[in-house]
Amino acid sequence: MRIDVAHIARLSRIAMSEEERAHFEEQLARIVDYVDQLQEVDVTDVPPTAHAITRHNVFRADEPRASLTNEQALANAPDEARGYFKVPAIIEEA
Amino acid sequence: MLCYANAHELVRRMQAGELSAQEITRAVLERIDEVEGTVGAYVNLCPERALETAGAVDDARARGTDLPPLAGVPIAVKDVICMQGMPTTCSSRILENFRPPYDATVARRVIDGRMPVLGKANMDEFAMGSSTENSAFHITRNPWDTERIPGGSSGGSAAAVAAGEAILALGSDTGGSIRQPACLCGVVGLKPTYGRVSRYGLVAFASSLDQIGPITRSVRDCALLLGAISGHDPLDSTSLDEPVPDYAASLERPVSGMRIGVPAEYFTEGIDGDVRESVEAAIDQLVSLGAKRVDISLPHTKYAVATYYIVATAEASSNLARYDGVHYGYRSKSADQASDASAIIALYENTRAEGFGDEVKRRIMLGTYALSAGYYDAYYLRALRVRTLLRRDFDAAFEKVDCVACPVSPTPAFRIGEKMDDPLSMYLSDIYTISANLAGIPGISVPCGLTSQGLPVGLQLLGSPLGEEALLRLAYAFEQSTEHHTVRPELAGKGAA
Amino acid sequence: MAAYEPVIGLEIHVELTTNTKVFCGCSTAFGAEPNTQVCPVCIGMPGVLPVINERVVEYAIRAALALNCRVAPQSSMDRKNYYYPDLPKNYQISQNYECFATDGWVDLSLPGGEHRVGIGNLHIEEDAGKNVHAEDTGLLGFSCVDLNRAGVPLLEIVSEPDIHTLEQLDAYMELMRGILVYIGVSDCRMEEGRLRFEANVSVREEGDASLPPFRVEMKNLNSVKICHQAVEFEIERQSEALERGETPSSETRLWDPKRRITQTMRSKEEAKDYRYFPEPDLVPLVIEQAWVERVRAGLPELPHHKRERLVAEYGLPEYDAAVLTTDGAVADLFEGAVAAGAPAKEASNWVMGELFLLLKEDERDASSLPPETPGVLSEVIGYVSSGRINRNAAKTVFEEWYRIGVAPDAIIKERGLEVVGGGAELEGIARGVIEANEKPVADFRAGKKQAIGFLVGQVMKETRGSADANAAREALLKLLS
């Protein structure tokens, strides 16, 4: 099973050297081979379980709760300016 | 030694005026001073804060104020649980200096419960691992044999309790991360029913599997701590709105007539001989106390690990996407390593490459793969269906029995570094603990002996949803009828060779 | 060029005006200082969890009913995974597999007739924050992120590709906006970003009923005008491509408002793989029929029901009914005028004519008019039908009341606007006009029939506009024959 680690790493936003890619590919291939045994289970008419509990309709009232101050919100920010979180310029162009 | 006393005993003595909270906290801090260099159970310590809390408890008691049940009992909190006033790191570089501006609900209950917090316990990074070797900062050593791992991912919490570096501890369990380290360190660890304890403030690994739970040296302490942290939380949509029983009060009820299921699939080859012997003996012991042994089958057991490593990693790949160097946490200094990408993508990719360890990267990628276009149905959705089958296995079993008894881990603690090259082999050792998380049912590990090499073995009991009382009752009866819980590791302190 | 038919689907994102965000208790108010309406939950800090705001669900039911959708008895939330600095968790909680409501429709009233646009689905999701760029901050080389908007509740309403002309597009946007404001779920202030459009555009040869094999997506069309311009440009661009024998690619394009063109987006995001999966932190929504009925009972009469009723009860043409029901206050005004005695068609003409003109001039809403308005309207209409004043005078009277508030009766008397009525009086004036205007009279007699117009004008002048023009014409004709 050939896994396109470069593609997966890109989707996961993790930079990787060629060596690392090869290393992970080998490990992931073995793991995926192992989990492939699930294909042999008969799951006809078996619904998926996405939640371990059976609650539904858990709500809160539309009432305000204290927000953080700007200082608190930015206290852990790696870079900030004028009350904003600061990142390298995002360019959306043709 | 005070640092090895049980919480309920300490509370009694404080109430009787024989001991102060400060004395207890100091004793434990001294013990930490002595052995922490060897054990490495903690990521960050906060001794002043602990002593302050203890002092306040003593003052309150002197004034005659009513105190919560565990007031003054020092506790270690796994560093995956957010607490204000100090970093919450998840043993990861990416959160090394992260200081949350809020407390987890469970942390709030600990603080409101006036338990002095000694520090944040070491763990596998983001709770991913079974040995605490994946911590980005340092390993934790098993107090019973310091060349061996304490288990994981709550290795720090379990080791602290085993070494007398805490009276109580909180861990988290996604695939066995409380029960397995508790087992390998010879202490008691319980994973509650999913939704019994709030997850608000528990840094998420796999949202539909994670639960916070107690790690203690006795079943009674476990019952007390479970009671203190359980209950509905309006901040957690998945928390159960069910009353919390007085777990300690029902401990001494008789166990005769309780039916214990022994699943054939959990006793196949691959289990260490000493482990099998101890667990079988423990089950026999329960029968001698009046419980009834019932042979059962949990036919889909062999698919549990595969199911878990798809479901858990899929959720994790999404839960860990937020660690990107933008709003908090570590940000890479290097400009663009990925030359064809825009600067913001380079920021993400380098931050995560540098901030995460290998196991975390592995699981993120596995999870991303399982959810990716073309694979979602074959992997993720299919795994969710097999999960239903695993749950049904337990539902059927609990029609016939009150609890299921089995090993926690196929082997005792292995050597440091022994399994680091083989992730799959590490995953396979989770086989006995994983199903409980997938099914959302509670499970406890209680010490049941030592191997011929003097390494702890644990008996695991699994209960039906919200069946913690039955588990604790059986575990208590077992504990009280044996001497296992009285044995302590011989741990050399500072200055020893 | 061969004839090409546009195939357009519109996605509307509407920010609900609840007090708090969808998953946390932060305020949704617009215009606050950056990052002051945020908390650990909407910043996506480690360990936080979402809890759904009940009012959001209530509003979703309202919107679903107003758009004739089927509310799913059970729906659930899913995670849409992608990385962007204004999306703090790097996933958006949305709905993909089990949407809140489906299979709805709205009818557009157009001069050419009605046109139905299907609504594929309506679902709940959270808004992202805002990226502020160097042009606005002066921080060259950097973008700034404000998370105040992150977590604001959104309804996404996805139409079927049933829109085939720009006229239908405009009508759809206006109608949807009107409905959402009408039912009170959003103020839809586009300048505040409360309502945003995304268009999916393709073209096919006219007569071809199949869906084209390509589709161009355009996001962030933040006003009706921009959406219209972008779609218009795209239709032309695609038509020209097809004409040249090329098939346009399926892609996302950006509208450049300065150069007035659409362009391919550069970011080579491989076809977005959002890896949707069920949101494990939120439990499913079960919407019982009883809840739906409670919401239905609390809703104001929905526009299309009102439209049908106006046609049935008042005998109004479809077109009138459609125009009158675009705004609840307008419809109420009309009905109030009829209740006060005005004939339905007259009332309708007046509302759609004079009243709309006045409101447009002053850029105000019908809801801001004083409560006496229907009564006054009815009164003025009554004066015309009784012959007391003519229509022109009536316009003046009404406008005067609107501007200064003086009672119509008083204005009529003060300005002597009463129709010069009785045949005798009018006849006298007509006679005088004929005598004073020999040449036009001669022209008329010589066969130039339109000269009568001039003479009528002279009668109007004599009566200071208060004569009834038709009566004047008749009186003149009688005298000249």
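The values are calculated or read from the model by the stated rules, or taken from the named source; none is laboratory data. The structure presented is a predicted model; accordingly, all values stated were derived computationally and were not measured. Positions of Cβ are backbone-derived with ideal geometry, glycine not excepted, and every protein chain shown enters the neighbour counts.
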Worksheet, complete the sentence: Note: among C:446, C:424, C:451, C:393, just one is under 30 Å from residue C:327 (Cα atoms) and at pLDDT below 90, namely C:393
Item to complete: Might you let me know whether segment A:53-66 holds any residue that is more than 7 Å from chain C (Cβ to nearest Cβ) and farther than 30 Å from residue B:377 by Cβ?
Response: yes
Worksheet item: Is it the case that some residue within segment B:288-300 is in a helix (DSSP H, G or I) and surrounded by 13 or more Cβ atoms within 10 Å (Cβ to Cβ)?
Response: no
Worksheet item: In segment C:454-470, how many residues are in a helix (DSSP H, G or I), buried (at least 19 other Cβ atoms within 10 Å of the Cβ) and of a type in the set (A, V, I, L, M)?
Response: 4
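Residue by residue, here is whether (1) under 23 Å from residue B:25 (Cα atoms); (2) within 14 Å of another protein chain (Cβ to nearest Cβ); (3) charged (D, E, K, R); (4) in a loop (DSSP other than H, G, I, E, B) holds:
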{"site": "B:59", "(1), (2), (3), (4)": "yes, no, yes, no"}
{"site": "B:65", "(1), (2), (3), (4)": "yes, no, no, yes"}
{"site": "B:73", "(1), (2), (3), (4)": "yes, no, no, yes"}
{"site": "B:89", "(1), (2), (3), (4)": "no, yes, no, yes"}
{"site": "B:103", "(1), (2), (3), (4)": "yes, yes, yes, yes"}
{"site": "B:107", "(1), (2), (3), (4)": "yes, yes, no, no"}
{"site": "B:137", "(1), (2), (3), (4)": "no, no, no, yes"}
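Matching residues to (1) part of a helix (DSSP H, G or I); (2) acidic (Asp, Glu); (3) within 7 Å of chain A (Cβ to nearest Cβ); (4) more than 29 Å from the chain's Cα centre (by Cα):
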{"residue": "B:333", "(1), (2), (3), (4)": "no, no, no, yes"}
{"residue": "B:348", "(1), (2), (3), (4)": "yes, no, yes, yes"}
{"residue": "B:351", "(1), (2), (3), (4)": "yes, no, no, no"}
{"residue": "B:354", "(1), (2), (3), (4)": "yes, yes, no, no"}
{"residue": "B:370", "(1), (2), (3), (4)": "yes, no, no, no"}
Discussion item. Among the residues that make up segment B:467-490, is at least one of them in a strand (DSSP E or B) and touching a residue at least 40 places away in the same chain (Cβ under 8 Å)?
Written reply: no
Discussion item. If residue B:274 meets every condition in (1) in contact with a Ser or Thr (Cβ under 6 Å, 6 or more places away or on another chain); (2) within 29 Å of residue B:195 (Cα to Cα); (3) in a helix (DSSP H, G or I) apart from one, which number is that one?
Written reply: (2)
Practice prompt. Could you run through segment B:396-439 and say how many residues are outside any helix (DSSP H, G or I) and in contact with a strand residue (DSSP E or B) (Cβ under 9 Å, 6 or more places away or on another chain)?
Written response: 15
Response to the item:
Considering segment C:139-164, residues that are assigned to a loop (DSSP other than H, G, I, E, B), modelled with pLDDT under 95 and not small (Gly, Ala, Ser), and then whichever is surrounded by the fewest Cβ atoms within 10 Å (Cβ to Cβ), we arrive at C:140
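Over 26 Å from residue B:466 (Cα atoms), of a type in the set (Phe, Trp, Tyr), surrounded by 16 or more Cβ atoms within 10 Å (Cβ to Cβ) and more than 28 Å from the chain's Cα centre (by Cα): does that describe residue B:328?
Details: over 26 Å from residue B:466 (Cα atoms): yes; of a type in the set (Phe, Trp, Tyr): yes; surrounded by 16 or more Cβ atoms within 10 Å (Cβ to Cβ): yes; more than 28 Å from the chain's Cα centre (by Cα): no.
No.
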Discussion item. If I go through segment C:1-23 residue by residue, how many of them are within 30 Å of residue B:83 (Cα to Cα), facing another protein chain (nearest Cβ under 7 Å) and not in a strand (DSSP E or B)?
Written reply: 1
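Conditions tested, residue by residue: (1) farther than 30 Å from residue C:263 by Cα; (2) modelled with pLDDT of 95 or more; (3) within 25 Å of the chain's Cα centre (by Cα).
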{"site": "A:42", "(1), (2), (3)": "yes, yes, no"}
{"site": "A:52", "(1), (2), (3)": "yes, no, yes"}
{"site": "A:57", "(1), (2), (3)": "yes, yes, no"}
{"site": "A:61", "(1), (2), (3)": "yes, yes, no"}
{"site": "A:64", "(1), (2), (3)": "yes, yes, no"}
{"site": "A:94", "(1), (2), (3)": "no, no, no"}
Item to complete: Please name all residue pairs, on different chains or six or more residues apart, with Cβ atoms under 9 Å, provided the first residue is in segment C:307-328 and is among the acidic types (Asp, Glu) and the second residue is not in a helix (DSSP H, G or I).
Response: C:318/C:109; C:318/C:113; C:318/C:114; C:327/C:365
Discussion item. So the check is Cβ under 8 Å with 6+ separation or different chains; which pairs have a first residue in segment C:29-45 that's touching a residue at least 24 places away in the same chain (Cβ under 8 Å) and more than 7 Å from every other protein chain (Cβ to nearest Cβ) and a second one that's among the charged types (D, E, K, R) and assigned to a loop (DSSP other than H, G, I, E, B)?
Written reply: C:30/C:189; C:30/C:194; C:42/C:21
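Among the residues of segment B:440-466, count how many are in a strand (DSSP E or B) and either of a type in the set (S, T, N, Q) or closer than 11 Å to residue B:192 by Cβ (or both). Give the derivation first.
Of segment B:440-466, the ones in a strand (DSSP E or B) are B:443-450, B:456-463.
Right, trim to either of a type in the set (S, T, N, Q) or closer than 11 Å to residue B:192 by Cβ (or both) and you get B:443-445, B:460, B:463.
Qualifying residue count for the region: 5.
Go through segment B:222-250 residue by residue and tally those that are of a type outside the set (Ser, Thr, Tyr) and within 14 Å of chain A (Cβ to nearest Cβ).
Going residue by residue through segment B:222-250, those that are of a type outside the set (Ser, Thr, Tyr) are B:222-229, B:231-236, B:240-246, B:248-249.
After this cut, where a residue has to be within 14 Å of chain A (Cβ to nearest Cβ) as well, the list is B:232-236, B:240-242.
The number of residues fulfilling the criteria is 8.
To keep it simple, each residue is scored yes or no on (1) surrounded by 18 or more Cβ atoms within 10 Å (Cβ to Cβ); (2) assigned to a loop (DSSP other than H, G, I, E, B).
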residue: C:259; (1), (2): no, yes
residue: C:272; (1), (2): no, yes
residue: C:294; (1), (2): no, no
residue: C:300; (1), (2): no, yes
residue: C:309; (1), (2): no, no
residue: C:322; (1), (2): yes, no
residue: C:337; (1), (2): yes, no
Worksheet item: What are the residues in segment B:1-55 that are touching a residue at least 60 places away in the same chain (Cβ under 8 Å), not in a helix (DSSP H, G or I) and not polar (S, T, N, Q), if any?
Response: B:1, B:5, B:40, B:41, B:42, B:43, B:45, B:46
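Going by what's in this entry, would residue B:404 be described as within 14 Å of chain A (Cβ to nearest Cβ) and touching a residue at least 60 places away in the same chain (Cβ under 8 Å)? Show your work before the answer.
Numbers: within 14 Å of chain A (Cβ to nearest Cβ): no; touching a residue at least 60 places away in the same chain (Cβ under 8 Å): yes.
Judged against the criteria, residue B:404 is not a match.
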